[in-house]
1. Tell me, what are the semi-axes, in whole angstrom and largest first, of the equivalent ellipsoid of the chain as set by the roots of 5 times the Cα gyration tensor eigenvalues?
2. Relative to the Cα centre, what is the charge dipole magnitude of the chain, using +1 at the beta carbon of each Lys and Arg, -1 at the beta carbon of each Asp and Glu, and rounding to the nearest 20 debye?
3. Say the dipole of the chain comes from +1 at the beta carbon of Lys and Arg and -1 at that of Asp and Glu; which of Ile25, Met1, Thr51 then lies farthest toward its positive end?
Amino acid sequence: MTPLEKLQTVSALSRDAQELTLAGIRMRHPGASERECQLRLAEIKIGRELTARLYPDARTLLGP
């Protein structure tokens, strides 16, 4: 496998993992908007504190 093929494989796996995570978020929060789902994904990926700092509107959604 060439380095480019490895990079493409890792990229595809990362995309798939993100899509599965979003599917789980949507299952747990069926009425959530797309923005809310993206903020919840950010919380999973980078943590609550950093998400709240980067996205001020996340504070009301995610709580303290």
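Just so it is clear, none of the values below were taken in a lab; they were calculated from the coordinates. The structure presented is a predicted model; accordingly, all values stated were derived computationally and were not measured. Cβ placement follows ideal geometry from the backbone for every residue including glycine, while neighbour counts extend to all protein chains displayed.
1. So the equivalent ellipsoid measures 28, 15, 7 Å along its semi-axes.
2. On the way: 10 positive and 8 negative charges, 31 e Å.
It comes to approximately 160 debye.
3. Thr51
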